[in-house]
Amino acid sequence: MRPERMSFGIFMAPFHRVGDNPSLALRRDLDLIEALDALGYDEAWVGEHHSAGWELIADPAIMIAAAGERTKQIKLGSGVVSLPYHHPLMVADRFVQLDHLTRGRVMLGVGPGALVSDAYMMGIDPVTQRPRMDEALGVILRLLRGETVDYQADWFDLHSARLQLLPYQRPCFPIAVASQASPAGMMTAGHYGVGVLSLGAGMPGGKEALPGHWGIAEEYAAKSGNTMRREDWRLVMPMYLAETREEALRDVEAGWVRESTEYFQNTLGRPCPGLPMSEAIDRDAMLVGSPDDVSAAIERLLAVSGGFGGILFVVNEWTSRRKLIESYELFARYVAPRFQGALGSVEGSQQFVAENRRAIFMPSLAAIANAFAEANREIPPELLARGVHRAQ
């Protein structure tokens, strides 16, 4: 399935190296969303993290509110709210309010919580995080439908709970579940019939796992009487464009290695990538290269997966700010239009004129020649004597 218009946006964890001014880093995040709004990007999803020093945004709702006042058309989502950290009534209420403040531009992305260190500080057993996310999401969906909910869990209670406001978007704003390597996220998405943010697409072997993961979502949707829509499936991947693949690699490889080593390995204790960046690119785990390279990679992802609705680019600061903005602009100018139905009529118009240029322009050339001839006949002799020459 190739969508009529694929969506493109960012997944802003974000990643800012320790030692960078955190106040300026948060401002850069807002500036980036504003710049992407001007470039016509569709979406920006903002993360929630509370520890480990690199991912500085604690509350995506605050960033969405600030970005909503700076932007005009880009949709703004949480990527993601870690549901086990919050009472579900508060999550539903916050995002309904954001939906009204942005006049229908908000989206809710949910997950169990990616950083174990966050759960550790709150005394939450990691084993409980996925079941609690599923439980909270079910309650949130009921509240958003306008139901009055009585519910008792081992970590929250609801007594005749209902929302004062219903969503601005009807019947509700888009909702998506984060999915990484395990099938659990796809199972939840299918059970509730909501969208998917496939974070695992940017991992080695992620491309090959896509069709199987989607099959799991469809299986669980069928069991629950839901239908999964590929238009609501977004892949989350790194992206960087330059004029050539060689230039792109030179720009970002050192930054990628530094982030992988300093954050994922030395801070989180995760293994460093065992393959060079060039191999990750060849396996379509990263969209890095020229516009033509990246367009071809997206075509391969569409073919392998069976189709999806959009791609979100992980916000990494692997090179200078200027080059990063140029990369987003290159994508918006030369890649996005190929997947959004923006070029067919333009290319068709150019091709028609090129193929018929003799028939179209020859009469015009004859008309110009006739005009010159007519002008020569009408110039009075006295003007010719004063230096006015006939048309040649």
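In region 114-151, what residues are of a type in the set (G, A, S) and without any contact (Cβ under 8 Å) to a residue 60 or more places away in the chain?
Residues satisfying the conditions are A119, G123, A136, G138, G146.
May I ask you to verify whether Y168 is of a type in the set (S, T, Y) and either under 23 Å from the mean Cα position of the chain (by Cα) or assigned to a helix (DSSP H, G or I) (or both)?
The answer is yes for Y168.
Starting from region 293-315, take each residue that is modelled with pLDDT of 95 or more and list its partners that are of a type in the set (S, T, N, Q), counting only C-beta distances under 7 angstrom and pairs at least six apart or across chains.
G309/S7; G310/S7
Looking for whichever is at pLDDT 80 or above and either small (G, A, S) or surrounded by 15 or more Cβ atoms within 10 Å (Cβ to Cβ) (or both) here; the options are A332, A375, A391, A369. Which one fits?
Checking each option against the conditions leaves just A332.
Failed condition for A52, given (1) over 19 Å from C172 (Cβ atoms); (2) touching a Ser or Thr at 6+ places or on another chain (Cβ under 7 Å); (3) buried (at least 19 other Cβ atoms within 10 Å of the Cβ), with all others met?
The failed condition is (3).
Return the total of residues in region 255-287 being closer than 14 Å to G202 by Cβ and touching a Leu at 6+ places or on another chain (Cβ under 7 Å).
Qualifying residue count for the region: 2.
Would region 84-103 turn up any residue that is assigned by TED's automatic domain parsing to the domain that holds H191, in contact with a Phe, Trp or Tyr (Cβ under 6 Å, 6 or more places away or on another chain) and within 20 Å of V236 (Cα to Cα)?
No, because not a single residue in region 84-103 is assigned by TED's automatic domain parsing to the domain that holds H191, in contact with a Phe, Trp or Tyr (Cβ under 6 Å, 6 or more places away or on another chain) and within 20 Å of V236 (Cα to Cα).
Find the helices (runs of 4 or more DSSP H) located wholly in region 234-314 whose residues include 2 or more that are closer than 23 Å to H213 by Cβ, and list them.
277-282, 291-305
Of the residues L36, L76, L98, L24, which single one is surrounded by fewer than 20 Cβ atoms within 10 Å (Cβ to Cβ) and either modelled with pLDDT under 95 or of a type outside the set (S, T, Y) (or both)?
L24
The values are calculated or read from the model by the stated rules, or taken from the named source; none is laboratory data. If you're wondering where the values come from, they're calculated on a predicted model, not measured in any experiment. All Cβ positions, even for glycine, are placed from backbone atoms using ideal geometry, and neighbour counts span all protein chains on display.
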